[in-house]
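Notes to accompany the following structure.
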Amino acid sequence: MTRWEPNARGRLGLAALELYSERGYDQTTVAEIAKRAGLTERTFFRYFADKREVLFQGSDILQNRLVQGIENAAPTLSPIDAVGAALEAAACPMEEVRDFALRRQAIVAANPELQERELIKLAALAAALADALRRRGVPDPAASLAAEAGIAVFKVAFLRWAAQDGDSVRQTLDQLIRQSLAELKGVTAGN
């Protein structure tokens, strides 16, 4: 193995995803992931704290996109609509990695430890959204409520996106976010 390998992080992520799909999360070791990627365990630990984090490596990127989406939202938008705009903006790049996202979701859904990590990630996203709303001048509890509701919208839309089969006309994640947000507004309006 060479000392430096291009796209080591991406190769490790793909190797982990393949092994988790083939053998299961619990049955896969860091050594096996590194070997499949053509790298060393030491290289693995340069990028990830543990084998769980391989599946959550895009969390900081998603959080930055969401915060930037709030910052770029029109100042006239309500807090929930600003969150909706941020969610839609963050969803567009996910279309490019749909296969990875769906395979990742199946692995997370099958493992309680990973489900717990996913909940922690979603809580961090909600906190970041609420902070961004507060910087826009939205007071609490409105900022926290809009952020938490936004994460619920994202979760529902993502699951709908993942559940679409190849035989039907597939909707994009941002379309499903818009629909889910509209449904939430209908529920809260008493419709």
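Helical runs assigned H by DSSP (4 residues or longer) give the chain a calculated mean residue ellipticity at 222 nm of -22500 deg cm²/dmol, each run adding -39500 (n - 2.57) before division by the residue total. Relative to one another, the C-alpha centroids of the range 106-120 and the range 1-69 are positioned 16 Å apart. FRET efficiency for the pair residue 142 and residue 41, taken as 1/(1 + (r/R0)^6) with r the Cβ-Cβ distance and R0 = 45 Å, rounds to 0.40. In terms of overall dimensions, the range 126-191 has a Cα radius of gyration and Dmax of 14.0, 45 angstrom. Computed about its Cα centre, the charge dipole of the chain is approximately 400 debye, with only Lys, Arg, Asp and Glu carrying charge at their Cβ. Phi angles of the range 178-188 translate, via the Karplus equation with coefficients 6.51, -1.76, 1.60 and θ = phi - 60°, into HN-Hα couplings of 4, 5, 5, 5, 5, 5, 4, 4, x, 5, 6 Hz per residue; Gly and Pro are given as x.
Using the Cα gyration tensor of the chain, with a ≥ b ≥ c the square roots of its eigenvalues, what is the shape: rounded (a/c below 1.5), prolate (a/b larger than b/c) or oblate (neither)? Here the chain falls in the prolate category.
Each of 93, 145, 108 was scored by the projection of its Cα onto the charge dipole of the range 58-188, and the greatest displacement toward the positive side belongs to 145; charges sit on the C-beta of Lys, Arg, Asp and Glu. Relative contact order of the range 1-158, taken over Cα pairs closer than 8 Å and 6 or more residues apart, is 21 percent.
Each value in this text was obtained by applying a stated rule to the coordinates, not by laboratory testing. From a predicted model like this one, the values you see are computed outputs, not experimental measurements. Note: ideal-geometry Cβ built from the backbone for every residue, glycine included; neighbour counts use all protein chains shown.
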